[in-house]
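The values are calculated or read from the model by the stated rules, or taken from the named source; none is laboratory data. Computed from a predicted model, the values in this text were never measured in an experiment. Note: ideal-geometry Cβ built from the backbone for every residue, glycine included; neighbour counts use all protein chains shown.
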Amino acid sequence: MNIHLVAHLLGRSLVFLGLTMVFPLFWAVYYQGPDRAALLSSALITLASGVAVALLVPPRGDIRYREGFAIVTFGWLLVSLYGALPYLLCGVCSGFPDAFFESMSGFTTTGASILTDVEAVPKGILFWRSLTQWLGGMGIIVFLVAFLSHVGVGANQLFRAEVPGPVADKIKPRISEAAKILWLIYLFLTVLETALLWFFGMPLFDALCHAFTTISTGGYSPRNASIGYYDSAAIQWVITIFMFLSGTNFALYYQALRGRSLKAFWRSDEFRCYFSVVLLATLITAVSIRSLFPGGEPLVRAAAFQVFSVITTTGFTTADFSLWSPVAQAVLVSLMFIGGCSGSTAGSVKIGRVLILLRQGMLELKRLIHPRAVLSLKIDGKNISKDLAVNSLEFFFLYLAIAGVATIIMAATGLDLVSAFTSVAATLGNVGPGLGAVGPAGNYAAVSAFGKVFLSILMLLGRLEIFTVLVLLSPGFWKR
């Protein structure tokens, strides 16, 4: 393990994080909020720590697999720890478990919160809260790959360790160029959504915060009632559409722009599956809650918004879906274990892996009928290696195993079974709200201090897709 190189790049991550704290500081100054000193102190502490490490530990050698996994995992832990400083110094959070939970939930784009009255929080802290989700959506390490020259030949290791999904499409020969393109698409979608929300009557501050947390599929809102605060069909439809766009593989946007055609989307088996799942889930949900809403557009909008919010793991709400029919709740909980497309900002298992497992299952059935047939697994008309299929199966097994054990642990902290299970599903899948005590009408404030830290680790496991974190726990990883 090249400790010098790992420490140097972690220092650079903190420098970048400290610089981003200037943006919420601007809003704190503009609104003359009580959070100015906290944000300024947090920025100075983070910058000083990052500069000290980067200067005292010069980089040596190249990034290999071990360094890549260590930089990504420890990088996310470190930025979440320093990202908790504004909450602690401003007094928004009463202790470390609360601040760490809120910070980790932000950077991992989970959207779970311990804040009971969001609208009472100073504007600068609210902007920081949304900004952490925007930074975490595309990934701080991907930003380093895109804009820091030293990463060099090890860029591929960092890129693949952080970009979610079973296949990280290489949209450019050089990984640094691919990372820049992804960030530019990400920025364009953010600006476009901000403009549309502002146009339809949302205040500029709220529009920025919601655009940050929609494109990142994070779900933090500066309003207690989330999107339900805005009694506007236009605003809800804009956010619904952009949640769907953010759950799509970002590489498809580049392919569509390069080919000047939307055919790139429909040629993707994963996108077609994603599109079909959201349509079917919206239809079933709408039918099952038709007695709660007037017919027509309001019913379709309520069902579509919540389905899109859950499958993309955004976590916005316009209604308390814990009061919906058991069928609707079952559909939404199932979507928590599916997630969006590979290469998107969505969390959970991912449509790509689900598609691979479904097709592998169909192949096994065909082999039983035709034992001598030569069959191959294909996605987008291309053969998928057995290694990738096995990796998807292993990931799914680990995901369910961790969810099962974690549910028992959370139940042991005092939560009822529904709250314990959905709190695990919502944090491991980076969804946000669950059901019961952690449902859309409540939050995670009543969870024990141990439970908050434990759920924070589940958020990290979910965002970095389990293997990146678990490999560091292997004794063989640290041997020379």
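Does Ser392 satisfy the condition of being surrounded by fewer than 18 Cβ atoms within 10 Å (Cβ to Cβ), under 21 Å from the mean Cα position of the chain (by Cα) and hydroxyl-bearing (Ser, Thr, Tyr)? Taking the combined requirement at face value, the residue does not satisfy it. Scanning the range 9-22 for residues that are of a type in the set (A, V, I, L, M, F, W, C) and either farther than 15 Å from Phe107 by Cβ or touching a His at 6+ places or on another chain (Cβ under 6 Å) (or both) yields Leu9, Val15, Leu19, Val22. Of all the criteria given as (1) touching a residue at least 24 places away in the same chain (Cβ under 8 Å); (2) out of contact with any strand residue (DSSP E or B) (no Cβ under 7 Å at 6 or more places or on another chain); (3) over 19 Å from Thr214 (Cα atoms), the one not satisfied by Asp269 is (2). Within the range 308-340, the residues that satisfy the criterion of being out of contact with any Gly (no Cβ under 7 Å at 6 or more places or on another chain), within 18 Å of Val438 (Cα to Cα) and of a type in the set (A, V, I, L, M) are Val310, Leu323, Ala328, Ala330, Val331, Leu332, Val333, Leu335.
Selection of the range 96-129 for residues being assigned to a loop (DSSP other than H, G, I, E, B) and of a type in the set (A, V, I, L, M) yields Ala112, Ile114, Leu115, Val121.
Evaluating Lys123 against the criteria (1) closer than 26 Å to Thr194 by Cα; (2) at pLDDT below 60 leaves one unmet condition, (2). Please determine whether any residue of the range 319-329 is farther than 29 Å from Met138 by Cβ, in contact (Cβ under 8 Å) with a residue 24 or more places away in the chain, under 22 Å from the mean Cα position of the chain (by Cα) and in a helix (DSSP H, G or I). Yes, the range 319-329 has at least one match.
Only one entry of Leu56, Leu39, Leu85 meets the criterion of being out of contact with any Cys (no Cβ under 8 Å at 6 or more places or on another chain) and crowded, with 18+ Cβ neighbours inside 10 Å, and that entry is Leu85.
Inspect the range 444-459 for any residue being of a type in the set (Ser, Thr, Tyr), at negative phi and out of contact with any helix residue (DSSP H, G or I) (no Cβ under 6 Å at 6 or more places or on another chain) and give the result as yes or no. Full working, then the answer.
As a first pass, look at the range 444-459 and keep what is of a type in the set (Ser, Thr, Tyr): 444, 448, 456.
Subset that is at negative phi: 444, 448, 456.
Still in the running and out of contact with any helix residue (DSSP H, G or I) (no Cβ under 6 Å at 6 or more places or on another chain): 448.
Yes, that holds for at least one residue.
When Phe23 is tested against (1) more than 26 Å from Val469 (Cβ to Cβ); (2) more than 25 Å from the chain's Cα centre (by Cα); (3) among the hydrophobic types (A, V, I, L, M, F, W, C), exactly one condition is not met: (2).
You will find that of Leu10, Leu39, the residue that is in contact (Cβ under 8 Å) with a residue 40 or more places away in the chain, more than 12 Å from Trp128 (Cα to Cα) and hydrophobic (A, V, I, L, M, F, W, C) is Leu10 and no other.
Looking at this structure, is Ser49 part of a helix (DSSP H, G or I) and not aliphatic (A, V, I, L, M)? First the steps, then the outcome.
Numbers: part of a helix (DSSP H, G or I): yes; not aliphatic (A, V, I, L, M): yes.
Judged against the criteria, Ser49 is a match.
Across the range 429-453, the number of residues qualifying as closer than 23 Å to Leu335 by Cα, small (Gly, Ala, Ser) and part of a loop (DSSP other than H, G, I, E, B) comes to 6. Among the residues of the range 404-427, the ones that are in contact (Cβ under 8 Å) with a residue 40 or more places away in the chain and of a type in the set (A, V, I, L, M) come to 5 in all. Within the bounds of the range 11-32, is there any residue that is in a helix (DSSP H, G or I), of a type in the set (Gly, Ala, Ser), in contact with a helix residue (DSSP H, G or I) (Cβ under 8 Å, 6 or more places away or on another chain) and surrounded by fewer than 22 Cβ atoms within 10 Å (Cβ to Cβ)? Yes, the range 11-32 contains at least one residue that is in a helix (DSSP H, G or I), of a type in the set (Gly, Ala, Ser), in contact with a helix residue (DSSP H, G or I) (Cβ under 8 Å, 6 or more places away or on another chain) and surrounded by fewer than 22 Cβ atoms within 10 Å (Cβ to Cβ).
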